1. Considering each of 133, 102, 155 in turn, give the residue that is open to solvent by less than 70 Å² (accessible area, probe 1.4 Å), more than 17 Å from residue 233 (Cβ to Cβ) and hydrophobic (A, V, I, L, M, F, W, C).
2. So, in the stretch 158-175, of the ones that are touching a residue at least 40 places away in the same chain (Cβ under 8 Å) and open to solvent by 30 Å² or more (accessible area, probe 1.4 Å), which residue ends up nearest to the chain's Cα centre (by Cα)?
3. Would you pick out the residues in the stretch 124-145 that are of a type outside the set (Gly, Ala, Ser), within 17 Å of the chain's Cα centre (by Cα) and at pLDDT 90 or above?
4. Going by the conditions given, is residue 289 at pLDDT 90 or above, open to solvent by less than 80 Å² (accessible area, probe 1.4 Å) and in a loop (DSSP other than H, G, I, E, B)?
5. Only one residue in 187, 203, 208 is surrounded by fewer than 18 Cβ atoms within 10 Å (Cβ to Cβ), within 26 Å of residue 287 (Cα to Cα) and touching a helix residue (DSSP H, G or I) at 6+ places or on another chain (Cβ under 8 Å), so which one is that?
6. Checking the conditions here, which among 226, 236 is open to solvent by less than 40 Å² (accessible area, probe 1.4 Å), of a type outside the set (Val, Ile, Thr) and on the phi > 0 side of the Ramachandran plot?
7. So is residue 178 outside any loop (DSSP other than H, G, I, E, B), modelled with pLDDT of 90 or more and either crowded, with 17+ Cβ neighbours inside 10 Å or touching a Pro at 6+ places or on another chain (Cβ under 9 Å) (or both) or not?
8. Report whether or not residue 261 is under 22 Å from residue 160 (Cβ atoms) and buried (at least 17 other Cβ atoms within 10 Å of the Cβ).
Amino acid sequence: MFRFAEPAYLYLLLIIPVLVLLYIHSVYSRRKDIKRFGDPELLAGLMPEVSQYRPSVKFGLLLTALTLLIFVIARPQFGAKYETVKRSGVEVIIALDISNSMLAEDVAPNRLERAKRVISRMVDDLENDKVAMIVFAGDAFTQLPITSDFISAKMFLSSIDPSLIARQGTDIRAAIELAQRSFTPQEGVGRSIVIITDGESHEGGAVEAAQKAAADDIQVNVLGIGSPDGAPIPDGRNNYRKDREGNIVITRLNEEMCQEISRAGNGIYVRVDNSNTAQRAIRSEIDKLAKADVETKVFTQYNEQFQAIAWMVLAFLILEILLLNKKNPLFKNIKLFSK
């Protein structure tokens with residue numbers, strides 16, 4: 001596999017055609033000036049030592065060296081490939097509530113953004129584990145299948161917003177059931193579901209789903225986000241969402257529901273605050289789970305390959321310096337070099 005580590009520098013290649021056009025213009029202007037002094041063939045006879053084509057060859061060498069130099073600073077890399085490695089860890093599936101109520105601003109900047117920051121820190125702590133991400137509202141779907149590619153996990157995390165699911169609501173049951181089906185079939189590995197929600201389960205059945213997960217040795221932890229006092233939900237038009245009677249809708253953190261789900265799932269409930277308490281508490285629970293050797297396909301490190309191109313740049317520059325504008329007397333009788 002091939003890539004450039006700094007591809008932005010490749011835009012410098014746009015100066016190459018500009019330099020070519022400037023050189024062509026300079027050659028045309030020089031020939032035009034020579035014609036003003038006299039017959040070009042006669043003047044060439046008066047300067048037998050001057051080569052007609054070598055300046056163009058020297059320019060070509062410099063242009064090639066410059067092109068290769070741009071490739072060097074863009075850092076070409078080769079050699080990445082998938083390798084199967086064994087890691088001792090657990091499997092964690094994060095289920096994130098992205099219903100409209102998660103836009104409430106009772107935690108800064110809002111519930112959803114705070115939840116995403118917590119997840120980002122959690123992913124940073126998953127060294128040898130596997131992670132998957134599920135998003136849910138009135139329905140649930142897999143945002144990222146279970147993987148050890150934590151970079152991709154954080155990339156997917158940045159793109160999450162409530163528009164991903166058209167059907168509104170908060171179906172925690174659907175999220176737990178989808179998470180159960182998303183674990184690998186490997187035996188002996190600890191499994192944990194981490195639900196991040198404000199606890200407003202509109203569809204019901206969440207506690208029963210957590211009990212079924214616990215029966216399958218799957219731990220269900222809940223992170224509650226928001227305030228029990230509640231907050232209005234921004235509507236995106238500098239106002240707040242209202243019900244059918246025109247009253248502003250207030251969404252509250254349902255800690256009782258969150259605690260009930262976590263108890264049924266043999267896990268813990270923690271309210272997210274401005275510290276790392278929730279993240280550390282969940283990490284502590286996950287560390288109690290049984291770890292197993294998990295085979296994972298990962299990319300090997302890319303190898304820098306700019307050295308070979310740098311040597312080529314040096315060779316072209318040396319050749320350009322050694323190539324004089326005058327004809328080489330050693331080859332004056334050979335037509336190939338006579339010009």
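The values are calculated or read from the model by the stated rules, or taken from the named source; none is laboratory data. Just so you know, these numbers come straight off a predicted model, no measurement behind them. Heads up, the Cβs are rebuilt from the backbone with ideal geometry, glycines too, and the neighbour counts pull from every protein chain shown. These area figures cover heavy atoms from the full protein model, side chains too; ligands, DNA and RNA do not enter into them. Shrake-Rupley method; radii C 1.70, N 1.55, O 1.52, S 1.80 Å.
1. Values: 102 fails: more than 17 Å from residue 233 (Cβ to Cβ); 155 fails: open to solvent by less than 70 Å² (accessible area, probe 1.4 Å).
Exactly one of 133, 102, 155 is open to solvent by less than 70 Å² (accessible area, probe 1.4 Å), more than 17 Å from residue 233 (Cβ to Cβ) and hydrophobic (A, V, I, L, M, F, W, C), namely 133.
2. Here is the first cut: in the stretch 158-175, the residues touching a residue at least 40 places away in the same chain (Cβ under 8 Å) are 158, 160-162, 164-165, 168-170, 172, 175.
Within this subset, residues satisfying the condition of being open to solvent by 30 Å² or more (accessible area, probe 1.4 Å) are 158, 161, 164, 168.
Values: 158: 9, 161: 17, 164: 19, 168: 28 Å.
Among those that are touching a residue at least 40 places away in the same chain (Cβ under 8 Å) and open to solvent by 30 Å² or more (accessible area, probe 1.4 Å), it is 158.
3. So the first thing to find is which residues in the stretch 124-145 are of a type outside the set (Gly, Ala, Ser), and the list is 124-131, 133-136, 139, 141-145.
Cutting the leftovers down to within 17 Å of the chain's Cα centre (by Cα) gives us 124, 131, 133, 143-145.
Hits for the stretch 124-145 are 131, 133, 143, 144, 145.
4. Working: at pLDDT 90 or above: no; open to solvent by less than 80 Å² (accessible area, probe 1.4 Å): yes; in a loop (DSSP other than H, G, I, E, B): yes.
So residue 289 fails the test.
5. Details: 187 fails: touching a helix residue (DSSP H, G or I) at 6+ places or on another chain (Cβ under 8 Å); 203 fails: within 26 Å of residue 287 (Cα to Cα).
From the options 187, 203, 208, the qualifying one is 208.
6. On the way: 236 fails: open to solvent by less than 40 Å² (accessible area, probe 1.4 Å).
Every option except 226 fails the conditions.
7. Details: outside any loop (DSSP other than H, G, I, E, B): yes; modelled with pLDDT of 90 or more: yes; either crowded, with 17+ Cβ neighbours inside 10 Å or touching a Pro at 6+ places or on another chain (Cβ under 9 Å) (or both): yes.
Considered against the rule, which asks whether it is outside any loop (DSSP other than H, G, I, E, B), modelled with pLDDT of 90 or more and either crowded, with 17+ Cβ neighbours inside 10 Å or touching a Pro at 6+ places or on another chain (Cβ under 9 Å) (or both), residue 178 comes out as yes.
8. Working: under 22 Å from residue 160 (Cβ atoms): yes; buried (at least 17 other Cβ atoms within 10 Å of the Cβ): yes.
Spelling it out, residue 261 is indeed under 22 Å from residue 160 (Cβ atoms) and buried (at least 17 other Cβ atoms within 10 Å of the Cβ).
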